[in-house]
Amino acid sequence: MVDLESEVPPLPPRYRFRDLLLGDQGWQNDDRVQVEFYMNENTFKERLKLFFIKNQRSSLRIRLFNFSLKLLSCLLYIIRVLLEKPSQGNEWSHIFWVNRSLPLWGLQVSVALISLFETILLGYLSYKGNIWEQILRIPFILEIINAVPFIISIFWPTLRNLFVPVFLNCWLAKHALENMINDLHRAIQRTQSAMFNQVLILISTLLCLIFTCICGIQHLERIGKKLNLFDSLYFCIVTFSTVGFGDVTPETWSSKLFVVAMICVALVVLPIQFEQLAYLWMERQKSGGNYSRHRAQTEKHVVLCVSSLKIDLLMDFLNEFYAHPRLQDYYVVILCPTEMDVQVRRVLQIPMWSQRVIYLQGSALKDQDLLRAKMDNAEACFILSSRCEVDRTSSDHQTILRAWAVKDFAPNCPLYVQILKPENKFHIKFADHVVCEEEFKYAMLALNCICPATSTLITLLVHTSRGQEGQQSPEQWQKTYGRCSGNEVYHIVLEESTFFAEYEGKSFTYASFHAHKKFGVCLVGVRREDNKNILLNPGPRYIMNASDICFYINITKEENSAFKNQDQQRKNNVSRSFYHGPSRLPVHSIIASMGTVAIDLQDTSCRAASGPTLALPSEGGKELRRPSIAPVLEVADTSSIQTCDLLSDQSEDETTPDEETSSNLEYAKGYPPYSPYIGSSPTFCHLLQEKVPFCCLRLDKSCQHNYYEDAKAYGFKNKLIIVAAETAGNGLYNFIVPLRAYYRPKKELNPIVLLLDNPPDMHFLDAICWFPMVYYMVGSIDNLDDLLRCGVTFAANMVVVDKESTMSAEEDYMADAKTIVNVQTLFRLFSSLSIITELTHPANMRFMQFRAKDCYSLALSKLEKKERERGSNLAFMFRLPFAAGRVFSISMLDTLLYQSFVKDYMISITRLLLGLDTIPGSGFLCSMKITEDDLWIRTYARLYQKLCSSTGDVPIGIYRTESQKLTTSESQISISVEEWEDTKDVKDPGHHRSIHRNSTSSDQSDHPLLRRKSMQWARRLSRKGPKHSGKTAEKITQQRLNLYRRSERQELAELVKDRMKHLGLSTVGYDEMNDHQSTLSYILINPSPDTRLELNDVVYLIRPDPLSYLPNNEPSRKNSICNATVQDSREETQL
């Protein structure tokens, strides 16, 4: 083995301490060679090229010096003309010879020498092998013409007075100016404006033409009229402006020929310049130009980034953004990669928007375009996804890249991002505010099934309105509904508030009730100063602090309110009877004027400290017990709050022994062990002890574990909730979670059936297999058999989700065509079914439950148009399907993101209301129905007191259903066969004939299919008539009449029953004649305290968190699923 140390040579003696200090200077015998790079740039020519051409700053100086020389030469020419005495005679020698003084000649020779030397030097430096290319350039030829004669005159003195057209140096000055502008932009590292360059070229070209014409005509007229420079200027302006007065005209043929030549040059050069300028102007209009930095530093602006801008999206953004008074001075810069739409262009030309909105065509992925929009100076950036794309995942990817690009370019700019798919949300967690469309959509649709019209409630809360909609309507429900729709969520610090300052140290429910009784405001939430989490109704145990931020629902914020006590009204002799009686005004009488609300305060100084005692008065002389409501305590008493441990099975399930034995599955409460996407908020839910096999999740197919093949066979005790969707996306998980939350009573859980067009993947099934009574079925709402198998005949709600494949259409607003027609079919087949529909465009909700001859719907359509003309942002709110919560469009929630710019808490509050986020100590949204046993409470204020004193609930609104007074149209008149048989014995023949005429005319005019069937029946009878006896013929005639009189409703009912019999399903329970078209429903948000309660009113409540009442949460979670499985499964979450 070779010794490695022996192979290494010893250090030479020069490596001593002195050599280390001296470095390489001591290495005299070193064999290394020093190599110098880029030696070709060290030549004299390259150094000159670097100074004159390559270096931006030195080149700019050279261009500026050259430009100054050309201007000086033109100035010397003018001086020479002005100093020259007029020549005598008309000899041609005056054209070729001029009088030039010696000092002037010396200056012109010096300028000519410098210019010629510079031109030859630059030609040499830019020489690339073709000498003729350098010589035949127009600037070089002009330089030779203007400089060489002066240089020759140095050696030949007799030529010192030779005429030289020095005025042609103006074209060389123009050329130097163009090069100088280019070098200037290169030197300051900024992109020049093409429009600025073109305008500069056009102006300089026009000036050069005029100057050349002036000097040429003046010189040529030396043998004619002896025109001076001013007369030549006057002639050129009059000629080029096509006025032509004729008082000054050229006299010699040479000057006339020169004018003709200049006009020809102008006709060729100027149109080309104008054409390029017009083209650049059109391109500038398309791209939008720039938002100047000066404006960005002196004005406030926000940037809206979208992939394609539609008129609906633009108007929703502008109306909501500028609805706030403090945003009136803001500017909106739109950054969009596509060309401006015709409708958008038309809207942006309106003076109200043209001064506020700036459209820039560009991409957020280009720093150049972000610089044009001055993103680094923007107050906020809104990034919206294109929901009309077929591939919504691709749309999300584009949104993510835009958010990353903006964050990289302007890290301090607040981001407001809209995302479509929940699985993509974690990519933009850095954004200040994020709204995930599918999360909000499915959670809202789920709550619609248990809290009716939740979608309408949330939509009205996140829209800015003054509550003036419907006030011109003759119907009372529209006035009340429109006035209450103006309620929004506001915030204020407790110690700074007139509403809540006096409740410092009191319980939350005490403050909420008394603030509503006194001021008419609804306190719904609170946030500690040192905590970022908002708590909705933290319960009676929460004590209000002076630094707490209070969140309340009111018609306007407190800062825009004026307060007037009722004592002042008494002094002004205002009758108190005005506030009593069946038509009395609300306690907080609203004066919506200029954004200010005046609120009448109740005088509570003389009331007992224990609170008011409300009782039901005696009626009809009967002595009834006067029920009273307990007062709301200032500090919570544990014994007074009726709470229940929702984690205990014994407290919530009052089942009989038979029901317990019939139930094979036992539920636990815990966190779902598997989430289909990253970023889902963990929610405490009802879960199964063991997950269900995937085969058992299929509703319409039996397996080795069960033999059921339709929903009826399962024997569910509660009605179904059916969701019709195209695919089982991860957002559908948020539909199930709110319906299986731990605070929902176990005995009230509705079975959930997912009717999917495409089979779900294993990841989704793995997420839902832990939830009780959740099934899926592959089918479509287009197929009646699929609807019947999934149990539509005994379903409580049918949720129709907008399909992704139909969201884009060639014609706008046609994306909802298939959904609308399918829902209309469902509405006609199953009139008693509660159908909740999602649409892409809110304008299409007028087609839901469409009836062409319904006079009431036509009246609502006219009302909507009038509200839109008045500038309302909620013109669609009076449509009956929207008011009842039967239709919803996710685009209505776009305003939630826009409103977050002013109210940064709105997204958090909305997520808490929908159950997307669960914060310990925060309440949840639920509802209660007013029954006959509850009518003794009488008013909304007494109900508020009853709830706050008993359960700690805070009511926020009422969902009211009233009978609809409709004028019966012809299409709605029908008589069944049995009814017709009963009317044969009516004594009044005239009345009988009128009924007969109405029914037949209706069917005959509206149903050509039935008329055609009856004619075919009559022809068959005519052919087969002789073969039957008299009784048979009479029977057939009777059947023909019955068929002719059969209504469309009956025909559809028979069709459904036939299909049910064909599938082997029982027809029991199919209510074919139950029609709920005679009712209308609407929402009253934060109604006045004296609002009367009516039977079947649904009250929206924010109920305190039941877990907050438990002294120790750990023992009560013994039934939860092991946390270890939760952790293991979350590591496998799909990205």
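The values are calculated or read from the model by the stated rules, or taken from the named source; none is laboratory data. Computed from a predicted model, the values in this text were never measured in an experiment. Glycine gets a Cβ as well: all are built from the backbone with ideal geometry, and neighbour counts include every protein chain shown. SASA here: full protein model, heavy atoms, side chains in, ligands and nucleic acids out. Shrake-Rupley method; radii C 1.70, N 1.55, O 1.52, S 1.80 Å.
Numbers below:
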| quantity | calculated |
| --- | --- |
| Candidate residues Ile678, Ile492: accessible-area rank, largest first, probe 1.4 Å | Ile678, Ile492 |
| Placed amide H near Ile835: partners under 5 Å, 5+ positions off or other chain | Met798 |
| For segment 373-402 versus segment 313-330, the gap between their alpha-carbon centres in whole angstrom | 19 |
| Heavy atoms of Leu912 accessible to a 1.4 Å probe, total area in Å² rounded to 10 | 10 |
| Contour excess over end-to-end distance, with Cα ends at Arg851 and Leu200 and 0.36 nm allotted per residue | 227.9 nm |
| Percent accessible area from carbon and sulfur atoms, segment 220-283, protein chains only, probe 1.4 Å | 73 |
| FRET efficiency, Ile311 to Lys532 (Cβ-Cβ, R0 25 Å, nearest 0.05) | 0.10 |
| Probe 1.4 Å, all protein chains present, accessible-area order of Met1060, Met352, Met340, largest first | Met352, Met340, Met1060 |
| Solvent-accessible area per residue, Å², over segment 737-802 with all protein chains present [probe radius 1.4 Å] | 27 |
| Of all accessible heavy-atom area on segment 747-864, the percent that carbon and sulfur account for (1.4 Å) | 55 |
| Greater than 21 Å apart at Cα, pairs in Lys226/Lys256; Lys669/Lys929; Lys865/Lys903; Lys425/Lys746 | Lys669/Lys929; Lys865/Lys903; Lys425/Lys746 |
| ³J(HN,Hα), Karplus 6.51/-1.76/1.60, whole Hz, each residue of segment 456-473, x for Gly, Pro | 5, 4, 5, 4, 5, 5, 9, 9, 7, 8, 9, x, 9, 5, x, 6, 8, 7 |
| Cut-off 19 Å (backbone N to label point 7 Å along Cα→Cβ of Leu113), residues of segment 47-69 | 66, 69 |
| Ranked by how many other beta carbons lie within 10 Å on average, peptides 507-515, 1099-1107 from highest | 507-515, 1099-1107 |
| Pair Arg870, Lys717: separation of 7 Å Cα→Cβ label points (nm) | 5.0 |
| Accessible surface of segment 509-551 [probe 1.4 Å, protein heavy atoms]: carbon and sulfur percent | 42 |
| Exposure rank, largest accessible area first [His1062, His841, His219; 1.4 Å] | His1062, His841, His219 |
| Distance from segment 764-783 to segment 894-930 (C-alpha centre basis), Å | 27 |
| Spin-label pair Asp1090/Ser681, simplified geometry with 7 Å Cα→Cβ offset, distance in nm | 3.9 |
| Segment 432-500, accessible area per residue, ligands and nucleic acids excluded (1.4 Å, Å²) | 27 |
| Accessible area of segment 819-900 divided out per residue, in Å², using a probe of 1.4 angstrom | 34 |
| In Hz, Karplus ³J(HN,Hα) per residue of segment 911-916 (6.51, -1.76, 1.60; θ = phi - 60°; x = Gly, Pro) | 5, 5, 5, 7, x, 6 |
| Net length gained if the chain between Ala630 and Ala562 were fully extended (0.36 nm per residue, minus Cα distance) | 21.3 nm |
| Projected label distance in nm at Asn783 and Phe163, using a 7 Å step from Cα toward the beta-carbon | 9.8 |
| Sites Asn706 and Ser832 - FRET efficiency at Förster radius 22 Å, r taken between beta-carbons, to 0.05 | 0.15 |
| Fully extended contour minus Cα-Cα distance, from Gln476 to Ser58, at 0.36 nm per residue | 142.4 nm |
| Spatial separation of Cα centroids for segment 822-892 and segment 686-752, in angstrom | 30 |
| Cβ-Cβ FRET estimate between His763 and Arg1049, R0 fixed at 56 Å, reported to 0.05 | 0.80 |
